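Student: Take a look at this one; I'll ask things after.
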Amino acid sequence: MVSTATKIAQKKFDNCIMNASGVWCYDEKELSALDKSEAASFVTKSGTLESRKGNPKPRYFETDLGSINSMGLPNQGLEYYLNFVNKVQEQNPNKNYFVSCTGFNVQEDVLLLEEVKKSGFKGIVELNLSCPNVPGKPQTGYDFETVDMILQTVFENYEGLLGVKLPPYFDIVHFDQMAKILNKYPLTYINSVNSIGNGLYIDEEQEKVVIKPKNGFGGIGGDYIKPTALANVHAFYQRLDSRIQIIGTGGIKTGRDVFEHILCGASMVQVGTALMKEGPSIFRRLTRELEAIMRSKGYEKLSDFKGKLKYMN
Ligand code: RRO
């Protein structure tokens, strides 16, 4: 018997595949569809203190190899997501859920987490430190001192289970520096990676950008980013204390991609662009494909291969 079950912070999930925040999680209708699918769980769109309309459309575009987006954090406000997830949690006491949130400064992060606490939410919070698309706001995850200060302040004020969504890093020194900061805090997990920020996709015939905000610059997802995502998952797997788990996100569209993320050290994986393209039925296909790979290799459970990437001598 092959099992794709996993645990995050001792909470059990009967599968290891779920949505990435921002995809199929904007409102109750989308979240309910995920809840009914074979996804292990769901995470909401990152909620802010007030609801937001986001950037002007078109703000998402699919390419053969992935996607580009500059959504600009459209969301219903954190309160909406907490109310919905708490309701779903009551109906499904054996499932575990994630709520994503993001403030525009550390004071807002603290207020958001107070709201989480007050709501009685029993799941896991994902603090998004890596939105690439709000004009004039740099990605927090690239400012190491600010990440350190935010985590210090957040953990002085919040005792629940909390992970962070990180941008991709591209330099070994940055993996070292960021891991040193992350290891100081009682994080439940890190999620690597958010989209690769500020790419540019061009319609060659029209000689024109394909999304309106920021003159066409946007976060890149899909096939383009799998090698970067795998590198980030594995770099942090090598450097983080084993108490901090890893959720792998980036370029997953087949069971093989899921397998590779887990081989690099992920305990759970999230699907963004491919979920957008295929819809929630993708979770059934990915699960069957992962099971087939595990069966063919004689693996029964994720721990048989998790983090066991081999190097050359
Ligand atoms: O809403 C967005 O534009 C967005 C966010 Br918050 C994020 O974290 N990652 C992304 O690719 N888009």
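The values are calculated or read from the model by the stated rules, or taken from the named source; none is laboratory data. Owing to the predicted nature of the structure, the values given are computational and were not obtained by experimental measurement. With ideal geometry, Cβ positions are generated from the backbone for all residues, glycine too; neighbour counts draw on all protein chains shown. Accessible surface areas use protein heavy atoms only, side chains included; no ligands, DNA or RNA. Shrake-Rupley method; radii C 1.70, N 1.55, O 1.52, S 1.80 Å.
Student: Show the residue pairs that are 6+ apart or on different chains and have beta-carbon atoms under 9 Å apart, the first residue being within segment 67-79 and within 25 Å of V209 (Cα to Cα), the second being in a strand (DSSP E or B) and near the ligand (Cβ under 6 Å from one of its atoms).
Tutor: Here the result reads S67/G219; I68/G219; N69/G219; S70/G219; M71/G219; L73/N128, each pair linking segment 67-79 to a residue that is in a strand (DSSP E or B) and near the ligand (Cβ under 6 Å from one of its atoms).
Student: In addition: In segment 50-70, which residues are open to solvent by 50 Å² or more (accessible area, probe 1.4 Å) and within 14 Å of the ligand (Cβ to nearest atom)?
Tutor: Listed by number, the residues that qualify are S51, R52, K53, P56, K57, P58, Y60, F61, E62.
Condition check ((1) touching a residue at least 24 places away in the same chain (Cβ under 8 Å); (2) crowded, with 20+ Cβ neighbours inside 10 Å) across all residues:
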| position | (1), (2) |
| --- | --- |
| A266 | yes, yes |
| R284 | yes, no |
| K297 | no, no |
| K308 | yes, no |
| N313 | no, no |
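Rundown of residues vs (1) acidic (D, E); (2) open to solvent by less than 10 Å² (accessible area, probe 1.4 Å); (3) under 15 Å from the mean Cα position of the chain (by Cα), yes/no style:
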{"position": "E207", "(1), (2), (3)": "yes, no, no"}
{"position": "I211", "(1), (2), (3)": "no, yes, no"}
{"position": "N215", "(1), (2), (3)": "no, no, no"}
{"position": "N232", "(1), (2), (3)": "no, yes, yes"}
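Student: Could you tell me whether segment 279-296 includes any residue that is over 22 Å from L31 (Cβ atoms) and out of contact with any helix residue (DSSP H, G or I) (no Cβ under 8 Å at 6 or more places or on another chain)?
Tutor: yes
Student: Within the set of pairs 6 or more residues apart or between chains, which connect a residue that is within 16 Å of the ligand (Cβ to nearest atom) inside segment 23-46 to a residue that is at pLDDT below 95 and not small (G, A, S) with Cβ atoms less than 9 Å apart?
Tutor: Qualifying pairs under 9 Å: S46/C131.
Student: Here's a follow-up. Please go through segment 28-71 and give me each residue that is farther than 23 Å from I247 by Cα, out of contact with any Lys or Arg (no Cβ under 7 Å at 6 or more places or on another chain) and not β-branched (V, I, T), ordered by number.
Tutor: Scanning segment 28-71 gives E28, K29, L49, E50, S51, R52, K53, G54, N55, Y60, F61, D64.
Student: Of all residues in segment 7-20, how many are at pLDDT 95 or above and surrounded by fewer than 24 Cβ atoms within 10 Å (Cβ to Cβ)?
Tutor: Number satisfying all stated conditions: 8.
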